[in-house]
Amino acid sequence: MKKKPKRNYLNYLQPVTAIIIILMLVFSLQLLPAVAQSNQFAPVAIDGRQIFRVSNTIDKKARERAEIINNILQNAVNSEQIPEIKVEKGDNIAKIRIGDHQHFTITSKDVVAGANPNEQAEKWADDIRLKINQARQERSEEFIRNTLFLSAMLVVLTAALHWVLGRVWNILQRNIAPLITSEDSSDLNQQQSTLNILSKATLLLTRTALWIGISLYITNLFPLTRQWSYDIARNIWVSLTSDIFKGFAVTDILVLIGLFLGLMVLSGAVTNILRSRILRLLRISRGAQEVIAIVFKYTFIGIGSVVLLQIFGVDLSSLAILASALGVGIGFGFQDIAKNFGSGLVLLFERPIQVGDFIEVGKYMGSVESIGARSVTIRTLDRVSIIVPNSRFLEDEVINWSHHNPISRIHIPVGVSYSADVKIVKKALLEAGKNHPEVLSVPQPQVLFSGFGDSSLDFELLVWIDAPSHQVSIKSDLCFRIEATLKQYHIEIPFPQRDLHLRTGELPIKLSPEIEQAILRQQNGHRA
């Protein structure tokens, strides 16, 4: 049997990695100050630390004003001496002067509720002094040296925690797997694969969150990298929180996908509990258990999906129209898939075959391992899995050796010599059949005299068994026993014989004179 290549589930995670990194960036943005999403305001910051926001004016937009103020503050940080910061008050406008040549204004649109431009200017001036002093201190050699040492320690601790997470995840997976997967389930391999993918994705997500969090923390320690990370994080935040489809942002779609994955895992766990704790106690057949479990699982997923979509405010009526349109296309483009899916439903409810039955369809013979939505998996006697489309079980003849009753009869043809006593032959065959441990005593074995062959008397041994999957080995054992028993009773097993008749011309055969002369010369040569 050709060994199936092992799937590398990390390949399935590669397209998800980028989405996970972006999602972790969204969560890490909570470490930063709140960022304005409206075009009416723009943030003013020093080294990535926001101080305040400015609004649009008649002649300048908020972003233009913010860029001008940011340049003024950056020049103040980089100057040799801290410039003097003064507030020039007015009636409906105030100015903050930084040094002798640079200033900017505060209008009534910039102030918060309950304040005026003069009060707002005094508060902003105090914040500017504080942030400039802090920025200049962070540029000292001592601060940079201490920060580099702290960053190195954080990287080492993060690497150690990265390794510990892998070990902890393996322990959790071994303990959680029995709760989600079941050995009695027909789709055990699929459940294990899904759990493995989800486990690796969760571990990757956790490790990515760890490294992104520590990276953002370290970059926020240094003034030169803080502004860079601040700008990137702000742009990503605005991109992810902006509506892209009927009021849904990227973050909403990611959360919805995560909830659907959780629903799939939950449905598998609940179905396994139903199968192992409830259905097994009812003492119904394994096939009936699978039918109930599969119907319950897909019903649970369907109802849960509708509830999730309703919670998120998705208009299901529009989805119904879209589904009907897609249904027409699917009906034409996927006729075989639709036919196999419908046949699978018939197999589940009508139950002509069930999980565990020993069947024969076409040239394949084996036990039914699982009945899926599209195909049936048969495990042959050679331990090879054969995937057969569902429609074949409804269109072609299927031999089900286990249908309703696993007891079945097998036939062993035997031919003996014409000189044998038929009564002794019957006795020998019955003796060989009755002594086999897997042959049922009731009904009793029988021997039929089936006819007169060309070179043998033909008999047939009929025995009953209750293990159809063992019929090949039982037939082989019976053949060995029959051969030994016939030898014991000196009964010959003949082989086909044929009489050969040759037709010739006149005897003796007349030779031509040339051939006679050649033969005489050859004889005289030998005598000489």
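The values are calculated or read from the model by the stated rules, or taken from the named source; none is laboratory data. Computed from a predicted model, the values in this text were never measured in an experiment. Positions of Cβ are generated from backbone atoms using ideal geometry, with glycine treated the same way; all protein chains shown enter the neighbour counts. Ligands, DNA and RNA are excluded from the accessible area calculation, which covers all protein heavy atoms including side chains. Shrake-Rupley method; radii C 1.70, N 1.55, O 1.52, S 1.80 Å.
May I ask you to list the residues in region 94-134 that are within 13 Å of Ile72 (Cα to Cα) and of a type in the set (Asp, Glu)?
Asp100
Taking the conditions exactly as written (touching a Gly at 6+ places or on another chain (Cβ under 9 Å), at pLDDT below 85, more than 25 Å from Glu360 (Cα to Cα) and not in a strand (DSSP E or B)), does Ser455 satisfy them or not?
yes
Taking the condition of being among the small types (Gly, Ala, Ser) and either within 17 Å of Glu80 (Cβ to Cβ) or in a loop (DSSP other than H, G, I, E, B) (or both), how many residues in region 124-151 meet it?
Total meeting the criteria: 2.
Do we have Ser367 as closer than 29 Å to Ala484 by Cα and either of a type in the set (Gly, Ala, Ser) or touching a His at 6+ places or on another chain (Cβ under 7 Å) (or both) here?
no
Report whether or not Phe52 is among the aromatic types (Phe, Trp, Tyr) and within 20 Å of Arg226 (Cβ to Cβ).
So Phe52 passes the test.
How many of the residues making up region 363-372 are at pLDDT 85 or above and open to solvent by less than 20 Å² (accessible area, probe 1.4 Å)?
2
Identify the residue in region 98-124 that is open to solvent by less than 90 Å² (accessible area, probe 1.4 Å) and of a type in the set (D, E, K, R) and, among all such residues, is modelled with the lowest pLDDT.
For region 98-124, the residue satisfying everything is Asp110.
List, please: which pairs have Cβ atoms under 7 Å, are six or more places apart or on different chains, and start with a residue in region 203-220 that is of a type in the set (Ser, Thr, Tyr) and end with one that is open to solvent by 40 Å² or more (accessible area, probe 1.4 Å)?
Once the first residue is of a type in the set (Ser, Thr, Tyr) and sits in region 203-220, its partners that are open to solvent by 40 Å² or more (accessible area, probe 1.4 Å) give Thr208/Ile21; Thr219/Thr225.
Yes/no matrix, rows are residues, columns are (1) farther than 13 Å from Gly415 by Cβ; (2) of a type in the set (Lys, Arg); (3) touching a helix residue (DSSP H, G or I) at 6+ places or on another chain (Cβ under 7 Å):
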site: Lys434; (1), (2), (3): yes, yes, no
site: Pro445; (1), (2), (3): yes, no, yes
site: Asp458; (1), (2), (3): no, no, no
site: Ile474; (1), (2), (3): yes, no, no
site: Asp477; (1), (2), (3): yes, no, no
site: Ile482; (1), (2), (3): no, no, yes
site: Ile491; (1), (2), (3): no, no, yes
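When you scan region 408-441, how many residues do you find that are touching a Ser or Thr at 6+ places or on another chain (Cβ under 9 Å), small (Gly, Ala, Ser) and over 12 Å from Ile493 (Cβ atoms)?
So the answer is 2.
Which one is nearest to Asp127 (Cα to Cα) among residues in region 55-92 that are open to solvent by 80 Å² or more (accessible area, probe 1.4 Å) and touching a strand residue (DSSP E or B) at 6+ places or on another chain (Cβ under 6 Å)?
My answer is Lys86.
Of all residues in region 457-470, which are open to solvent by less than 20 Å² (accessible area, probe 1.4 Å) and more than 30 Å from Arg379 (Cβ to Cβ)?
Leu457, Phe459
Give me the strands (runs of 3 or more DSSP E) completely within region 373-452, filtered to those with at least 2 residues that are open to solvent by 80 Å² or more (accessible area, probe 1.4 Å) and over 20 Å from Asp477 (Cβ atoms), ordered by residue number.
The qualifying strands (runs of 3 or more DSSP E) are 446-452.
Report whether or not Phe296 is at pLDDT 80 or above, in contact with a Leu (Cβ under 9 Å, 6 or more places away or on another chain) and open to solvent by 70 Å² or more (accessible area, probe 1.4 Å).
yes
Can you confirm whether region 137-145 contains a residue that is charged (D, E, K, R), surrounded by fewer than 14 Cβ atoms within 10 Å (Cβ to Cβ), within 30 Å of Arg207 (Cα to Cα) and under 57 Å from the mean Cα position of the chain (by Cα)?
So far as region 137-145 goes, yes, one or more of its residues are charged (D, E, K, R), surrounded by fewer than 14 Cβ atoms within 10 Å (Cβ to Cβ), within 30 Å of Arg207 (Cα to Cα) and under 57 Å from the mean Cα position of the chain (by Cα).
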